[in-house]
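Working notes for the structure below.
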Ligand SMILES: [Zn+2]
């Protein structure tokens with residue numbers, strides 16, 4: 001059976017991920033993502049009404065025109081998790097394919113939100129829920145799609161595996177190796193090891209190289225949780241304002257913030273549109289998340305909440321707000337500029353449970369937000385966080401578990417691939433032979 005892999009997007013950048021695998025006449029697409037930084041760099045662009053070709057020209061979504069060079073039928077579109085760099089282009093591209101979107105319940109619910117906001121294209125692909133550990137048949141020639149449970153900075157992430165007569169194709173984006181996650185099951189390393197040894201083994205592994213230049217091991221979410229517990233408990237006797245921010249989609253982290261706010265005697269309140277959206281979605285699909293935490297996404301409700309906090313006393317509350325990257329229109333940045341009713345006083349605490357995404361726009365905006373907060377007298381606690389991506393020892397363990405015949409580094413630029421190339425070369429892989437550094441828009445024939 002002929003096997004081809006089209007590396008469509010996310011092979012020159014972190015963002016706009018999209019890969020297609022053709023096995024015989026059947027094709028499965030993994031991820032259809034957005035490169036958000038290519039959108040944000042233009043001030044206040046609304047992508048909802050934009051045509052896909054314009055977004056392709058901007059480098060914001062994958063250039064899927066290479067799909068016409070793949071000779072087969074698309075059977076499924078499989079987003080691995082709910083981050084925008086993996087689902088953000090579904091509303092713009094999926095309608096071109098007569099295939100269902102197959103994902104875990106939380107991811108699928110986020111996809112629904114994306115396509116509901118879309119104004120340019122109508123979306124009528126079927127939506128199929130599939131949980132980690134489950135499989136589905138693809139086409140009529142013995143292909144099977146399996147979801148293996150992984151751990152990442154968003155809940156219900158999976159690594160999809162396409163089983164073919166030539167071996168398994170393991171799509172390894174995005175994950176860290178977490179054996180004590182705060183929500184959900186640990187990463188299923190046992191299953192990866194089995195896949196590496198059953199049948200014809202693993203024909204190809206596509207790997208998330210986000211942190212491939214970093215030594216050591218990415219800590220568990222439980223470590224971030226303890227760091228957060230320590231930080232908030234150190235403020236237990238403070239009677240003024242405490243504000244926290246994190247990735248809105250990081251449900252486990254928001255849950256920890258909510259729980260520790262209560263433990264130090266404060267009422268947590270989630271504020272900002274995306275805070276409300278992701279946490280509300282988590283409650284809706286029955287994720288282990290506090291059901292009784294107040295959350296507000298709209299401006300009027302947020303203004304009223306801030307008024308209430310100021311009247312009742314800031315010391316009774318812990319607002320968890322958007323703005324961890326210093327985004328100009330996010331809640332924390334507006335608070336820093338004095339544009340809300342929440343007044344920061346000397347000594348008030350602001351906890352960033354996020355690191356700065358290393359990109360000049362973010363770095364500049366976050367710097368500005370922290371400076372503005374400091375000018376209001378706030379004390380800033382940065383980087384109470386652990387990454388959601390494997391570092392080098394995790395990559396080593398994955399190669400050891402899967403023993404793939406071919407490896408394709410992804411989810412980085414050339415510079416970001418270098419650490420992975422070193423590591424894989426040490427394990428006996430050779431560039432151009434079975435270790436394939438590629439770029440966007442290529443098709444590779446493996447069999
Ligand atoms: Zn991700």
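What shape does the range 265-341 take by its C-alpha gyration tensor, where a ≥ b ≥ c are the square roots of the eigenvalues and a/c under 1.5 counts as rounded, a/b above b/c as prolate, and the rest as oblate? Taking the square roots of the gyration eigenvalues as a ≥ b ≥ c, the range 265-341 is oblate.
Have a look at the DSSP beta bridges in the chain and tell me what percent are antiparallel, nearest 5. Here the antiparallel bridges make up roughly 45 percent for the chain. Residues within the reach of a label modelled at residue 264 (point 7 angstrom out along Cα to beta-carbon, backbone nitrogen below 12 Å), restricted to the range 319-334, are 319.
Rounded to the nearest 5, what is the percent of antiparallel bridges among the DSSP beta bridges in the range 116-220? Among the beta bridges of the range 116-220, antiparallel pairing accounts for roughly 75 percent. Between helix 105-117 and the chain there is an angle of about 80 degrees, using the helix long axis and the longest principal axis of the Cα atoms.
In whole angstrom, how far apart do the alpha carbon centroids of the range 313-330 and the range 238-303 sit? The two parts, judged by their Cα centres, are 10 Å apart.
With a ≥ b ≥ c taken as the square roots of the eigenvalues of the C-alpha gyration tensor of the range 49-200, please select rounded if a/c is under 1.5 and otherwise prolate if a/b is larger than b/c or oblate if it is not? Note, shape of the range 49-200 comes out oblate.
Packing, taken as the mean count of other beta carbons within 10 Å per residue, orders the peptides 316-328, 237-249, 122-134, 181-193 from highest to lowest as 316-328, 237-249, 181-193, 122-134. A Förster distance of 51 Å, applied to the separation of the beta-carbon atoms of residue 433 and residue 117, puts the FRET efficiency at 0.70. Highest-first packing order for the peptide set 260-271, 197-208 is 197-208, 260-271, based on the mean count of other beta carbon atoms within 10 Å.
Axis angle, to the nearest 10 degrees, between helix 299-312 and the longest C-alpha principal axis of the chain: 40 degrees. Compute the Cα gyration tensor for the range 221-381, then decide on rounded, prolate or oblate, letting a ≥ b ≥ c be the square roots of its eigenvalues: rounded whenever a/c is under 1.5, prolate when a/b is larger than b/c in the other cases, and oblate in all that remain. Taking the square roots of the gyration eigenvalues as a ≥ b ≥ c, the range 221-381 is rounded.
Go ahead and collect, in residue order, the members of the range 370-402 whose backbone nitrogen is under 14 Å from a label point 7 Å along the Cα-Cβ direction of residue 230. 382-386, by backbone N distance to the label point. Report the residues of the range 396-423 in range of a label on residue 190: point 7 Å along Cα→C-beta, backbone N strictly under 19 Å from it. In the range 396-423, the label zone of residue 190 (backbone N under 19 Å from the point 7 Å along Cα→Cβ) covers 398, 401-402. Between the helical axis of 273-284 and the longest alpha-carbon principal axis of the chain there is an angle of about 70 degrees.
Extension gain, residue 215 to residue 180, is 10.5 nm, computed as 0.36 nm per intervening residue step minus the present C-alpha separation. As a rough guide to protection, the peptides 404-415, 420-431 ranked by mean Cβ packing within 10 Å, highest first, stand as 404-415, 420-431. Quick one: check the C-alpha center-to-center distance for the range 369-447 versus the range 152-174, whole angstrom. Cα centres, the range 369-447 to the range 152-174: 16 Å.
DSSP beta bridges confined to the range 221-381 are antiparallel in about 0 percent of cases. On the basis of the beta-carbon distance and an R0 of 22 Å, residue 223 and residue 135 show a calculated FRET efficiency of 0.10. Between residue 371 and residue 25, the C-beta separation translates, for a Förster distance of 51 Å, into a calculated FRET efficiency of about 0.30.
Here the spin labels are modelled as points 7 Å beyond Cα on the Cα-Cβ line, and at residue 128 and residue 144 they lie 1.4 nm apart.
Read the figures in this text as sums done on the coordinates, not as results from a lab. Bear in mind that the values here come from a model prediction, so they are computed numbers and not experimental data. When we count neighbours, we look across all protein chains shown, and the Cβ atoms used for this are built from the backbone with ideal geometry, even at glycine.
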